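The values are calculated or read from the model by the stated rules, or taken from the named source; none is laboratory data. Since the structure is predicted, the reported quantities are computational estimates derived from the model, not experimental observations. No Cβ is skipped: glycine too gets one built from the backbone with ideal geometry, and neighbour counts run over all protein chains shown. The area values use the complete protein model at the heavy-atom level, side chains included, leaving out ligands, DNA and RNA. Shrake-Rupley method; radii C 1.70, N 1.55, O 1.52, S 1.80 Å.
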Amino acid sequence: MNPTLLSNEYSYVPSPCVGVCVMDQANRWCVGCLRSRGEIGGWGSMTDREKFVLWAQLTQRCKEPQAPRSMPAPEA
């Protein structure tokens, strides 16, 4: 993670939304972006630092066996 980006007041952290907005009933994550309803609803009020932390959590969720497979797992 680039510390300069985190301190830049004009930085932009893209939303993880991929337009596949369906909640998986088993793990309660969106099938498209792997966020919970609370994470989706709170995105607009999160700081950039909080968004980067969530992105890191989503990267880990992709690797979990129960993760929906609409979002590709990151390459190791």
| Conditions: (1) open to solvent by 30 Å² or more (accessible area, probe 1.4 Å); (2) at pLDDT below 95. Residue 62 meets all but one. Number of the miss? | (1)
| said: Suppose we keep only residues that are modelled with pLDDT under 95 and among the small types (Gly, Ala, Ser) within the range 16-43. Which one would you say is surrounded by the most Cβ atoms within 10 Å (Cβ to Cβ)? | reply: 32
